[in-house]
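A.B. asks: This structure is in structure tokens; I'll ask about it shortly.
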Amino acid sequence: MIIQKSSREIMLMRAAGIITARALHATGKAVEPGVTTLELDTICRKVIEEAGATPTFLGYNGFPGSACISVNDQVIHGIPSKDVKLKEGDIVSIDVGACIGGFNGDSAYTFACGDISKEARALLDATEQSLYEGIAMAKTGNRIGDIGSTIQKYVEMRGYSVVREFTGHGVGADLHEDPSVPNYGTPGRGVRLAPGMTLAIEPMVNAGGKAIKILPDGWTVMTQDGSLSAHFEHSIAITADGPVILTALE
Ligand code: MG
Ligand code: MG
């Protein structure tokens, strides 16, 4: 069931989104060679809790961190660890959720650790831009397939692939609500978009093939071929005036 939000509820979601954005920004600023992903997680948790919010991911289905931190060929759901020390040239996907006032923000960004290769930079730029191409399609009267097909086309034209097994989703009082928002699809197909829908749009883009594998830890999703992967996400609201990004920084 898709839960459409009132304008008041969308304001509450924006409040959660700003805290999510601040936490993501602060955590990303700390990305540098020598830092562990557990240290990054601690920063994330601190920013969220000092804002009076709750880290949504902490304890979610038993997840042990406040952020998912996925390095290089890790796609999503990387577990923060004192044993994972960042190196120059790594790409670091950080996914953050914060809950306040009964609503969640959900946002992700892939950061560069020091100088990264030209290939890695191109992957990050394309994945980030594919998110904005998808968001631009999230308007009243369009359909879910218009978002996914736009992202897919943008990514595949550049020789990359989109992950199929994980998708974007509705977001609100629950972190994951209906509908599912795939990063692939057919234009004009799927649920029709209407004002009050709030969606997390989140392309996961592999430099190589689309296939993934999950580590024995039950969480970490990796590319099967070992290629790099990037992940960018915003929570957005569909309004009569078009999409509004709830997890933009201020
Ligand atoms: Mg997320
Ligand atoms: Mg999400």
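The values are calculated or read from the model by the stated rules, or taken from the named source; none is laboratory data. Given the structure is predicted, the values throughout are model-derived calculations rather than measurements. Positions of Cβ are generated from backbone atoms using ideal geometry, with glycine treated the same way; all protein chains shown enter the neighbour counts. We work out accessible area using only protein heavy atoms, side chains counted, and drop any ligands, DNA or RNA first. Shrake-Rupley method; radii C 1.70, N 1.55, O 1.52, S 1.80 Å.
A.B. asks: Select from the stretch 213-250 the residues that are farther than 19 Å from V171 by Cβ, within 16 Å of ligand 1 (Cβ to nearest atom) and part of a strand (DSSP E or B) and list them in ascending order.
C.D. replies: Once the filter is applied, which keeps residues that are farther than 19 Å from V171 by Cβ, within 16 Å of ligand 1 (Cβ to nearest atom) and part of a strand (DSSP E or B), the stretch 213-250 yields V221, S229, A230.
A.B. asks: What residue, among those in the stretch 147-201 that are in a loop (DSSP other than H, G, I, E, B) and of a type in the set (V, I, T), is nearest to R8 (Cα to Cα)?
C.D. replies: Among those residues, the one meeting the criterion is V171.
A.B. asks: Which members of the stretch 178-199 meet the condition of being closer than 11 Å to I2 by Cα, buried (at least 16 other Cβ atoms within 10 Å of the Cβ) and touching a Ser or Thr at 6+ places or on another chain (Cβ under 8 Å)?
C.D. replies: Those that are closer than 11 Å to I2 by Cα, buried (at least 16 other Cβ atoms within 10 Å of the Cβ) and touching a Ser or Thr at 6+ places or on another chain (Cβ under 8 Å): S180, L193, G196, T198, L199.
A.B. asks: Among the residues of the stretch 8-22, are any farther than 27 Å from L123 by Cβ, surrounded by fewer than 16 Cβ atoms within 10 Å (Cβ to Cβ) and either touching a Leu at 6+ places or on another chain (Cβ under 6 Å) or modelled with pLDDT of 95 or more (or both)?
C.D. replies: Yes, the stretch 8-22 contains a residue that is farther than 27 Å from L123 by Cβ, surrounded by fewer than 16 Cβ atoms within 10 Å (Cβ to Cβ) and either touching a Leu at 6+ places or on another chain (Cβ under 6 Å) or modelled with pLDDT of 95 or more (or both).
A.B. asks: Can A67 be described as aliphatic (A, V, I, L, M), within 16 Å of ligand 2 (Cβ to nearest atom) and closer than 18 Å to A248 by Cβ?
C.D. replies: So A67 does not fit the description; no.
A.B. asks: Could you look through the stretch 61-117, keep only residues that are hydroxyl-bearing (S, T, Y) and assigned to a strand (DSSP E or B), and pick out the one that is farthest from the chain's Cα centre (by Cα)?
C.D. replies: S70
A.B. asks: Residues being surrounded by fewer than 21 Cβ atoms within 10 Å (Cβ to Cβ), in contact with a Gly (Cβ under 9 Å, 6 or more places away or on another chain) and over 23 Å from F111 (Cβ atoms): count how many of those fall in the stretch 226-250.
C.D. replies: So the answer is 1.
For every residue, the table says whether it meets (1) on the phi < 0 side of the Ramachandran plot; (2) more than 16 Å from ligand 1 (Cβ to nearest atom); (3) among the aromatic types (F, W, Y).
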| residue | (1), (2), (3) |
| --- | --- |
| A136 | yes, yes, no |
| R143 | yes, yes, no |
| I151 | yes, no, no |
| Y160 | yes, yes, yes |
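A.B. asks: Sort out which residues of the stretch 126-144 are open to solvent by 10 Å² or more (accessible area, probe 1.4 Å), touching a Ser or Thr at 6+ places or on another chain (Cβ under 9 Å) and small (G, A, S), and write them in order of number.
C.D. replies: Within the stretch 126-144, just A136 meets the criteria.
A.B. asks: Return a yes/no flag: does the stretch 110-122 have any residue that is within 15 Å of ligand 2 (Cβ to nearest atom) and at negative phi.
C.D. replies: Checking the stretch 110-122: at least one residue is within 15 Å of ligand 2 (Cβ to nearest atom) and at negative phi.
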